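Below: the structure, in C-alpha coordinates.
The values are calculated or read from the model by the stated rules, or taken from the named source; none is laboratory data. Bear in mind the structure is a predicted one, so any value in this text is a computation, not a measurement. Glycine also receives a Cβ, built like all others from the backbone with ideal geometry; neighbour counts cover every protein chain displayed.
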Amino acid sequence: MKLETKSLEVLTEALETLEAGFAELPAFEADADLSRLRTVLRDVAERMQDNFPYFHPYYAGQMLKPPHPVARLAYMLALWINPNNHAFDGGRASSIMEKEAVAEIAKLFGWKTFLGHLTSGGTMANLEALWIAGQLKPGRKILASDQAHYTHQRISAVLGLRFESVRCDTKARMDLDSLIQVLERGEVGTVVATAGTTGTGAVDPLPQILELKERYDFRLHVDAAYGGYFVLADNLDADTRKAYDCLTLADSIVVDPHKHGLQPYGCGCVLYRDPAVGRFYQHDSPYTYFTSSELHLGEISLECSRAGASAVALWATQKMLPYLPGGEFARSLGKCRQASLNLFKRMSDDPRFRMIFPPELDILVFAPNAQKTSEISARSERFFEAAAAENLHLAKFRYPASLLHGVWKDVDLDQPQVVCLRSCLMKPEHQDWADRLWKILDRIARGLG
(Lines give C-alpha, C1' and ligand atoms only; values in the text may rest on other atoms or scores of the structure.)
Protein backbone atom coordinates (compact mmCIF):
# COMPACT_ATOMS: atom_id res chain seq x y z
CA MET A 1 0.00 0.00 0.00
CA LYS A 2 1.00 3.68 -0.33
CA LEU A 3 0.94 6.34 2.34
CA GLU A 4 -0.90 9.56 1.48
CA THR A 5 1.61 12.22 0.39
CA LYS A 6 -0.30 14.52 -1.99
CA SER A 7 -1.24 16.82 0.88
CA LEU A 8 2.42 17.77 1.31
CA GLU A 9 1.94 20.08 -1.67
CA VAL A 10 -0.59 22.01 0.42
CA LEU A 11 1.95 22.30 3.23
CA THR A 12 4.45 23.92 0.87
CA GLU A 13 1.83 26.47 -0.19
CA ALA A 14 0.92 27.19 3.43
CA LEU A 15 4.58 27.68 4.33
CA GLU A 16 4.83 30.39 1.69
CA THR A 17 1.87 32.17 3.29
CA LEU A 18 3.43 31.82 6.74
CA GLU A 19 6.74 33.14 5.48
CA ALA A 20 5.03 36.24 4.05
CA GLY A 21 3.98 37.24 7.56
CA PHE A 22 7.63 37.85 8.49
CA ALA A 23 8.70 39.61 5.29
CA GLU A 24 9.82 42.75 7.16
CA LEU A 25 12.64 40.87 8.92
CA PRO A 26 16.19 40.86 7.53
CA ALA A 27 16.93 37.83 5.38
CA PHE A 28 17.85 34.79 7.47
CA GLU A 29 17.76 31.10 6.67
CA ALA A 30 18.63 28.38 9.14
CA ASP A 31 21.20 25.94 7.85
CA ALA A 32 19.80 22.63 6.62
CA ASP A 33 22.29 20.03 5.45
CA LEU A 34 20.00 18.21 3.05
CA SER A 35 22.38 15.33 2.44
CA ARG A 36 22.67 14.50 6.13
CA LEU A 37 18.97 15.13 6.68
CA ARG A 38 18.13 12.69 3.90
CA THR A 39 20.35 9.99 5.39
CA VAL A 40 18.95 10.38 8.89
CA LEU A 41 15.33 10.52 7.75
CA ARG A 42 15.78 7.34 5.74
CA ASP A 43 17.12 5.71 8.87
CA VAL A 44 14.11 7.01 10.79
CA ALA A 45 11.72 5.68 8.14
CA GLU A 46 13.33 2.26 8.31
CA ARG A 47 13.10 2.21 12.10
CA MET A 48 9.46 3.30 11.96
CA GLN A 49 8.62 0.30 9.79
CA ASP A 50 8.76 -1.64 13.06
CA ASN A 51 5.19 -0.63 13.91
CA PHE A 52 1.74 -2.06 13.58
CA PRO A 53 -0.26 -0.37 10.79
CA TYR A 54 -2.24 1.90 13.10
CA PHE A 55 -3.50 3.94 10.13
CA HIS A 56 -5.02 0.95 8.31
CA PRO A 57 -8.49 -0.64 8.73
CA TYR A 58 -6.74 -3.94 9.48
CA TYR A 59 -5.59 -2.38 12.73
CA ALA A 60 -8.55 -2.88 15.07
CA GLY A 61 -6.79 -3.38 18.38
CA GLN A 62 -5.95 -0.56 20.76
CA MET A 63 -7.26 3.02 20.77
CA LEU A 64 -5.06 4.30 17.99
CA LYS A 65 -6.81 6.53 15.50
CA PRO A 66 -4.84 8.31 12.76
CA PRO A 67 -4.93 12.11 12.82
CA HIS A 68 -6.86 13.82 10.06
CA PRO A 69 -4.62 15.12 7.25
CA VAL A 70 -5.48 18.71 8.16
CA ALA A 71 -4.38 18.09 11.75
CA ARG A 72 -1.15 16.49 10.60
CA LEU A 73 -0.37 19.36 8.22
CA ALA A 74 -1.36 22.12 10.65
CA TYR A 75 0.80 20.56 13.35
CA MET A 76 3.79 20.41 10.98
CA LEU A 77 3.17 23.96 9.79
CA ALA A 78 3.16 25.23 13.38
CA LEU A 79 6.54 23.61 14.02
CA TRP A 80 8.24 26.23 11.83
CA ILE A 81 7.22 28.65 14.62
CA ASN A 82 7.27 26.07 17.46
CA PRO A 83 4.98 28.04 19.79
CA ASN A 84 4.73 27.38 23.53
CA ASN A 85 1.22 27.94 24.88
CA HIS A 86 2.29 28.40 28.47
CA ALA A 87 2.31 32.18 28.06
CA PHE A 88 0.96 34.55 25.44
CA ASP A 89 4.38 35.78 24.37
CA GLY A 90 5.44 32.19 23.72
CA GLY A 91 2.49 31.43 21.49
CA ARG A 92 0.50 34.48 20.46
CA ALA A 93 -1.66 33.05 17.70
CA SER A 94 -1.71 29.50 19.05
CA SER A 95 -2.87 30.63 22.52
CA ILE A 96 -5.89 32.36 20.99
CA MET A 97 -6.52 29.33 18.79
CA GLU A 98 -6.41 27.09 21.86
CA LYS A 99 -9.04 29.16 23.66
CA GLU A 100 -11.27 29.04 20.59
CA ALA A 101 -10.77 25.29 20.13
CA VAL A 102 -11.47 24.51 23.79
CA ALA A 103 -14.65 26.61 23.60
CA GLU A 104 -15.82 24.40 20.73
CA ILE A 105 -15.33 21.31 22.89
CA ALA A 106 -17.20 22.94 25.79
CA LYS A 107 -20.12 23.66 23.45
CA LEU A 108 -20.52 19.92 22.92
CA PHE A 109 -21.74 19.75 26.52
CA GLY A 110 -23.78 22.94 26.44
CA TRP A 111 -21.23 25.02 28.36
CA LYS A 112 -20.92 28.66 27.34
CA THR A 113 -19.28 29.73 30.61
CA PHE A 114 -16.47 27.46 31.75
CA LEU A 115 -12.77 27.19 32.47
CA GLY A 116 -10.61 24.84 30.44
CA HIS A 117 -7.46 24.24 28.48
CA LEU A 118 -5.58 21.61 26.53
CA THR A 119 -3.17 19.20 28.18
CA SER A 120 -0.62 16.65 27.04
CA GLY A 121 -3.26 13.93 27.35
CA GLY A 122 -6.03 12.40 29.41
CA THR A 123 -3.80 11.45 32.32
CA MET A 124 -2.73 15.04 32.92
CA ALA A 125 -6.27 16.30 32.33
CA ASN A 126 -7.68 13.87 34.89
CA LEU A 127 -4.89 14.74 37.32
CA GLU A 128 -5.87 18.41 37.17
CA ALA A 129 -9.57 17.61 37.61
CA LEU A 130 -8.89 15.42 40.66
CA TRP A 131 -6.48 18.01 42.05
CA ILE A 132 -9.29 20.58 41.92
CA ALA A 133 -11.64 18.01 43.46
CA GLY A 134 -9.21 17.55 46.34
CA GLN A 135 -9.01 21.31 46.86
CA LEU A 136 -12.78 21.62 47.01
CA LYS A 137 -13.42 18.46 49.04
CA PRO A 138 -10.30 18.12 51.23
CA GLY A 139 -9.90 14.83 53.05
CA ARG A 140 -12.73 13.21 51.12
CA LYS A 141 -12.50 10.05 49.02
CA ILE A 142 -12.37 9.73 45.26
CA LEU A 143 -14.58 6.97 43.85
CA ALA A 144 -14.41 5.33 40.43
CA SER A 145 -15.67 2.02 39.11
CA ASP A 146 -13.37 -0.98 39.04
CA GLN A 147 -13.56 -0.80 35.23
CA ALA A 148 -12.56 2.88 35.14
CA HIS A 149 -9.11 3.75 33.85
CA TYR A 150 -6.38 2.70 36.26
CA THR A 151 -4.94 6.20 36.15
CA HIS A 152 -7.54 7.49 38.65
CA GLN A 153 -6.19 5.33 41.44
CA ARG A 154 -2.61 6.25 40.56
CA ILE A 155 -3.42 9.95 40.34
CA SER A 156 -5.17 9.85 43.70
CA ALA A 157 -2.06 8.31 45.23
CA VAL A 158 0.16 10.98 43.67
CA LEU A 159 -2.13 13.72 45.02
CA GLY A 160 -2.41 12.15 48.46
CA LEU A 161 -6.15 11.59 48.05
CA ARG A 162 -7.97 8.55 49.39
CA PHE A 163 -9.38 6.35 46.64
CA GLU A 164 -11.89 3.50 46.55
CA SER A 165 -13.17 1.51 43.60
CA VAL A 166 -16.82 0.61 43.15
CA ARG A 167 -18.00 -2.71 41.76
CA CYS A 168 -19.54 -2.87 38.29
CA ASP A 169 -22.69 -4.55 37.03
CA THR A 170 -22.79 -7.22 34.33
CA LYS A 171 -22.50 -4.55 31.63
CA ALA A 172 -19.24 -3.21 33.11
CA ARG A 173 -20.96 -0.03 34.33
CA MET A 174 -20.73 1.36 37.84
CA ASP A 175 -23.14 -0.62 40.02
CA LEU A 176 -25.55 1.77 41.72
CA ASP A 177 -26.23 -0.38 44.79
CA SER A 178 -22.50 -0.70 45.41
CA LEU A 179 -22.10 3.04 44.94
CA ILE A 180 -24.83 3.78 47.49
CA GLN A 181 -23.20 1.46 50.02
CA VAL A 182 -19.98 3.46 49.82
CA LEU A 183 -21.76 6.83 49.80
CA GLU A 184 -23.67 5.91 52.95
CA ARG A 185 -20.40 5.96 54.90
CA GLY A 186 -20.19 9.73 54.37
CA GLU A 187 -16.56 9.83 53.25
CA VAL A 188 -16.92 10.61 49.55
CA GLY A 189 -16.01 13.95 48.01
CA THR A 190 -15.89 13.07 44.31
CA VAL A 191 -17.37 10.38 42.09
CA VAL A 192 -15.59 9.75 38.79
CA ALA A 193 -18.08 8.51 36.21
CA THR A 194 -16.78 7.17 32.92
CA ALA A 195 -18.36 7.96 29.57
CA GLY A 196 -16.74 5.14 27.65
CA THR A 197 -14.42 2.87 29.59
CA THR A 198 -11.24 2.04 27.73
CA GLY A 199 -11.79 -1.68 28.25
CA THR A 200 -15.31 -2.20 26.95
CA GLY A 201 -16.64 1.24 26.06
CA ALA A 202 -19.20 1.08 28.87
CA VAL A 203 -20.94 4.28 29.94
CA ASP A 204 -21.74 4.71 33.62
CA PRO A 205 -25.41 5.47 34.53
CA LEU A 206 -25.12 9.24 34.79
CA PRO A 207 -28.83 10.06 35.31
CA GLN A 208 -28.96 7.91 38.45
CA ILE A 209 -25.54 9.10 39.65
CA LEU A 210 -26.75 12.69 39.37
CA GLU A 211 -29.78 11.83 41.51
CA LEU A 212 -27.41 10.48 44.15
CA LYS A 213 -25.34 13.65 43.86
CA GLU A 214 -28.31 15.65 45.11
CA ARG A 215 -28.65 13.38 48.13
CA TYR A 216 -25.00 12.88 49.07
CA ASP A 217 -23.44 16.18 47.94
CA PHE A 218 -20.40 14.91 46.09
CA ARG A 219 -18.55 16.40 43.15
CA LEU A 220 -19.07 14.68 39.78
CA HIS A 221 -16.13 14.34 37.43
CA VAL A 222 -16.69 12.60 34.10
CA ASP A 223 -13.80 10.89 32.38
CA ALA A 224 -14.89 11.11 28.76
CA ALA A 225 -11.35 10.93 27.40
CA TYR A 226 -12.30 8.18 24.96
CA GLY A 227 -16.05 8.61 24.65
CA GLY A 228 -16.71 12.33 24.92
CA TYR A 229 -17.14 13.05 21.23
CA PHE A 230 -19.93 10.46 20.96
CA VAL A 231 -22.26 13.14 22.31
CA LEU A 232 -22.59 13.98 18.59
CA ALA A 233 -23.45 10.44 17.45
CA ASP A 234 -27.05 9.91 16.35
CA ASN A 235 -27.14 6.13 16.80
CA LEU A 236 -26.57 5.64 20.53
CA ASP A 237 -29.02 3.41 22.38
CA ALA A 238 -31.61 5.06 24.63
CA ASP A 239 -29.79 4.58 27.95
CA THR A 240 -26.48 5.77 26.54
CA ARG A 241 -28.11 8.84 25.01
CA LYS A 242 -29.68 9.71 28.37
CA ALA A 243 -26.26 9.45 29.99
CA TYR A 244 -24.71 11.76 27.40
CA ASP A 245 -27.53 14.26 27.83
CA CYS A 246 -26.48 14.52 31.49
CA LEU A 247 -22.89 15.53 30.76
CA THR A 248 -23.87 19.18 30.92
CA LEU A 249 -24.49 18.75 34.68
CA ALA A 250 -21.02 17.39 35.48
CA ASP A 251 -18.65 19.54 37.52
CA SER A 252 -15.68 18.67 35.32
CA ILE A 253 -15.12 16.72 32.12
CA VAL A 254 -12.04 15.33 30.41
CA VAL A 255 -11.95 14.70 26.66
CA ASP A 256 -9.01 13.49 24.56
CA PRO A 257 -8.96 15.05 21.09
CA HIS A 258 -6.11 12.65 20.31
CA LYS A 259 -8.57 9.76 20.54
CA HIS A 260 -11.75 10.46 18.59
CA GLY A 261 -10.93 14.09 17.84
CA LEU A 262 -8.57 13.15 14.98
CA GLN A 263 -5.51 14.74 16.60
CA PRO A 264 -1.87 13.72 16.90
CA TYR A 265 -0.64 12.72 20.34
CA GLY A 266 -0.67 14.39 22.82
CA CYS A 267 -3.79 16.46 23.00
CA GLY A 268 -6.09 16.18 26.00
CA CYS A 269 -8.59 18.67 27.38
CA VAL A 270 -9.94 19.42 30.86
CA LEU A 271 -13.09 21.49 31.39
CA TYR A 272 -14.67 22.91 34.55
CA ARG A 273 -18.28 24.08 34.63
CA ASP A 274 -17.49 26.70 37.28
CA PRO A 275 -14.76 29.13 36.15
CA ALA A 276 -14.21 30.12 39.79
CA VAL A 277 -12.01 27.04 40.28
CA GLY A 278 -9.35 29.08 38.52
CA ARG A 279 -8.49 30.57 41.91
CA PHE A 280 -6.74 27.33 42.85
CA TYR A 281 -4.36 27.71 39.92
CA GLN A 282 -3.27 31.21 40.89
CA HIS A 283 0.48 31.67 40.95
CA ASP A 284 3.06 34.17 39.79
CA SER A 285 6.18 34.02 37.66
CA PRO A 286 8.96 36.62 37.71
CA TYR A 287 9.42 36.57 33.93
CA THR A 288 6.39 35.03 32.21
CA TYR A 289 3.03 36.74 32.56
CA PHE A 290 3.49 40.33 31.36
CA THR A 291 2.27 40.55 27.79
CA SER A 292 -1.51 40.20 28.12
CA SER A 293 -4.24 41.61 30.35
CA GLU A 294 -6.14 38.32 29.97
CA LEU A 295 -5.21 35.17 31.84
CA HIS A 296 -2.34 33.33 30.20
CA LEU A 297 -3.04 29.63 29.65
CA GLY A 298 -0.19 28.83 32.01
CA GLU A 299 -2.06 30.63 34.78
CA ILE A 300 -4.94 28.15 34.58
CA SER A 301 -2.99 24.90 34.17
CA LEU A 302 -0.53 22.81 36.13
CA GLU A 303 1.66 22.12 33.12
CA CYS A 304 4.12 24.77 32.06
CA SER A 305 5.54 24.37 28.54
CA ARG A 306 2.96 22.91 26.14
CA ALA A 307 3.10 22.50 22.39
CA GLY A 308 1.17 25.27 20.68
CA ALA A 309 1.17 23.02 17.62
CA SER A 310 -1.45 20.83 19.32
CA ALA A 311 -3.82 23.78 19.57
CA VAL A 312 -3.16 24.78 15.97
CA ALA A 313 -3.90 21.26 14.72
CA LEU A 314 -7.11 21.00 16.75
CA TRP A 315 -8.30 24.43 15.66
CA ALA A 316 -7.66 23.58 12.00
CA THR A 317 -9.54 20.29 12.29
CA GLN A 318 -12.53 22.00 13.86
CA LYS A 319 -12.59 24.52 11.02
CA MET A 320 -12.60 21.76 8.42
CA LEU A 321 -14.88 19.40 10.36
CA PRO A 322 -17.14 21.48 12.64
CA TYR A 323 -18.77 19.80 15.63
CA LEU A 324 -22.27 19.84 14.14
CA PRO A 325 -25.01 17.26 14.73
CA GLY A 326 -25.38 15.40 11.46
CA GLY A 327 -22.18 16.94 10.10
CA GLU A 328 -19.26 15.08 8.55
CA PHE A 329 -17.44 14.68 11.87
CA ALA A 330 -20.58 13.44 13.65
CA ARG A 331 -21.35 11.01 10.83
CA SER A 332 -17.87 9.51 11.07
CA LEU A 333 -18.51 8.70 14.74
CA GLY A 334 -21.80 7.10 13.81
CA LYS A 335 -20.01 4.91 11.27
CA CYS A 336 -17.56 3.71 13.91
CA ARG A 337 -20.40 2.74 16.23
CA GLN A 338 -22.33 1.11 13.40
CA ALA A 339 -19.28 -0.96 12.48
CA SER A 340 -19.17 -2.34 16.02
CA LEU A 341 -22.92 -3.02 16.04
CA ASN A 342 -22.76 -4.86 12.72
CA LEU A 343 -19.87 -7.03 13.84
CA PHE A 344 -21.62 -7.72 17.15
CA LYS A 345 -24.71 -8.91 15.26
CA ARG A 346 -22.66 -11.22 13.03
CA MET A 347 -20.84 -12.74 15.97
CA SER A 348 -23.96 -13.03 18.12
CA ASP A 349 -25.60 -15.08 15.37
CA ASP A 350 -22.55 -17.35 15.08
CA PRO A 351 -22.20 -20.16 17.68
CA ARG A 352 -18.41 -20.10 17.31
CA PHE A 353 -18.27 -16.83 19.26
CA ARG A 354 -19.30 -15.70 22.70
CA MET A 355 -20.37 -12.13 23.36
CA ILE A 356 -20.76 -10.39 26.72
CA PHE A 357 -22.98 -7.40 25.89
CA PRO A 358 -23.65 -5.13 22.91
CA PRO A 359 -21.20 -2.27 22.39
CA GLU A 360 -22.33 1.08 23.76
CA LEU A 361 -19.83 3.01 21.63
CA ASP A 362 -17.35 1.39 19.20
CA ILE A 363 -15.41 -1.10 21.32
CA LEU A 364 -16.34 -4.75 20.83
CA VAL A 365 -15.34 -7.50 23.27
CA PHE A 366 -15.72 -11.10 22.13
CA ALA A 367 -14.23 -14.56 22.56
CA PRO A 368 -14.12 -17.93 20.80
CA ASN A 369 -16.71 -20.28 22.24
CA ALA A 370 -15.82 -22.97 24.80
CA GLN A 371 -17.32 -24.46 27.95
CA LYS A 372 -14.75 -23.26 30.51
CA THR A 373 -13.20 -19.83 30.99
CA SER A 374 -9.77 -21.47 30.98
CA GLU A 375 -10.50 -22.94 27.54
CA ILE A 376 -11.91 -19.64 26.30
CA SER A 377 -8.74 -17.87 27.44
CA ALA A 378 -6.53 -20.38 25.64
CA ARG A 379 -8.57 -20.15 22.45
CA SER A 380 -8.51 -16.34 22.63
CA GLU A 381 -4.72 -16.43 22.77
CA ARG A 382 -4.59 -18.65 19.69
CA PHE A 383 -7.14 -16.50 17.88
CA PHE A 384 -5.09 -13.38 18.62
CA GLU A 385 -1.93 -14.92 17.17
CA ALA A 386 -3.74 -16.26 14.11
CA ALA A 387 -5.26 -12.85 13.40
CA ALA A 388 -1.88 -11.14 13.67
CA ALA A 389 -0.47 -13.67 11.19
CA GLU A 390 -3.08 -12.43 8.70
CA ASN A 391 -2.25 -8.77 9.43
CA LEU A 392 -5.47 -8.27 11.38
CA HIS A 393 -4.43 -6.68 14.64
CA LEU A 394 -6.71 -7.13 17.65
CA ALA A 395 -6.14 -6.59 21.37
CA LYS A 396 -6.50 -8.90 24.35
CA PHE A 397 -8.56 -8.01 27.39
CA ARG A 398 -8.71 -9.72 30.79
CA TYR A 399 -12.33 -9.59 31.92
CA PRO A 400 -13.42 -10.42 35.49
CA ALA A 401 -15.28 -13.71 35.64
CA SER A 402 -17.33 -12.28 38.51
CA LEU A 403 -19.14 -10.09 35.96
CA LEU A 404 -20.10 -13.12 33.88
CA HIS A 405 -22.44 -14.72 36.44
CA GLY A 406 -25.83 -14.86 34.79
CA VAL A 407 -24.33 -13.84 31.44
CA TRP A 408 -22.45 -16.96 30.37
CA LYS A 409 -24.79 -19.30 32.24
CA ASP A 410 -23.52 -22.49 30.60
CA VAL A 411 -19.81 -21.74 31.10
CA ASP A 412 -17.74 -23.15 33.94
CA LEU A 413 -16.10 -20.06 35.46
CA ASP A 414 -12.97 -21.94 36.50
CA GLN A 415 -10.69 -18.87 36.47
CA PRO A 416 -11.05 -15.46 38.17
CA GLN A 417 -10.42 -13.75 34.83
CA VAL A 418 -11.03 -14.72 31.24
CA VAL A 419 -8.93 -13.56 28.31
CA CYS A 420 -11.18 -12.10 25.63
CA LEU A 421 -10.49 -10.29 22.39
CA ARG A 422 -11.07 -6.57 22.15
CA SER A 423 -11.51 -4.56 19.00
CA CYS A 424 -11.59 -0.76 18.90
CA LEU A 425 -13.36 0.02 15.63
CA MET A 426 -12.35 3.68 15.77
CA LYS A 427 -11.96 4.32 12.06
CA PRO A 428 -15.08 5.06 9.98
CA GLU A 429 -13.45 2.90 7.28
CA HIS A 430 -14.03 -0.11 9.53
CA GLN A 431 -17.66 -0.07 8.41
CA ASP A 432 -16.64 -0.04 4.75
CA TRP A 433 -14.16 -2.87 5.34
CA ALA A 434 -16.59 -4.98 7.39
CA ASP A 435 -16.85 -7.85 4.90
CA ARG A 436 -13.08 -8.13 4.52
CA LEU A 437 -12.60 -8.13 8.28
CA TRP A 438 -15.30 -10.76 8.69
CA LYS A 439 -13.70 -13.07 6.12
CA ILE A 440 -10.52 -13.13 8.20
CA LEU A 441 -12.40 -13.67 11.47
CA ASP A 442 -14.46 -16.44 9.89
CA ARG A 443 -11.36 -18.14 8.50
CA ILE A 444 -9.61 -18.05 11.88
CA ALA A 445 -12.70 -19.40 13.67
CA ARG A 446 -12.88 -22.31 11.21
CA GLY A 447 -9.20 -23.00 11.80
CA LEU A 448 -9.71 -23.21 15.56
CA GLY A 449 -12.36 -25.86 15.04
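Out of the residues in the stretch 350-383 that are in contact (Cβ under 8 Å) with a residue 60 or more places away in the chain, more than 20 Å from Ile440 (Cβ to Cβ) and among the hydrophobic types (A, V, I, L, M, F, W, C), which is surrounded by the fewest Cβ atoms within 10 Å (Cβ to Cβ)? Within the stretch 350-383, the match that is surrounded by the fewest Cβ atoms within 10 Å (Cβ to Cβ) is Phe357. Out of Gly447, Gly406, one residue alone is of a type outside the set (Ser, Thr, Tyr), exposed (fewer than 14 other Cβ atoms within 10 Å of the Cβ), touching a helix residue (DSSP H, G or I) at 6+ places or on another chain (Cβ under 7 Å) and touching a residue at least 24 places away in the same chain (Cβ under 8 Å). It is Gly447. A single entry from Gln135, Gln153 fulfils the requirement of being out of contact with any Ser or Thr (no Cβ under 8 Å at 6 or more places or on another chain) and touching a residue at least 12 places away in the same chain (Cβ under 8 Å): Gln135. Among the residues of the stretch 35-90, which ones are in contact with a strand residue (DSSP E or B) (Cβ under 6 Å, 6 or more places away or on another chain) and in a loop (DSSP other than H, G, I, E, B)? Across the stretch 35-90, the qualifying residues are Phe52, Pro53, Ala60, Gly61, Gln62, Met63. For the stretch 312-327, check the following and say yes or no: at least one residue is modelled with pLDDT of 95 or more, in contact with a Ser or Thr (Cβ under 7 Å, 6 or more places away or on another chain), part of a helix (DSSP H, G or I) and of a type outside the set (Ser, Thr, Tyr). Yes, because at least one residue in the stretch 312-327 is modelled with pLDDT of 95 or more, in contact with a Ser or Thr (Cβ under 7 Å, 6 or more places away or on another chain), part of a helix (DSSP H, G or I) and of a type outside the set (Ser, Thr, Tyr). Restricting attention to the stretch 110-127 and to residues that are under 16 Å from the mean Cα position of the chain (by Cα) and outside any strand (DSSP E or B), the residue that is surrounded by the fewest Cβ atoms within 10 Å (Cβ to Cβ) turns out to be Ser120.
Taking the numbered list (1) assigned by TED's automatic domain parsing to the domain that holds Val277; (2) at negative phi in turn, Ile81 passes all entries but (1). A single entry from Phe290, Phe280 fulfils the requirement of being modelled with pLDDT of 85 or more, more than 19 Å from the chain's Cα centre (by Cα) and surrounded by fewer than 24 Cβ atoms within 10 Å (Cβ to Cβ): Phe280.
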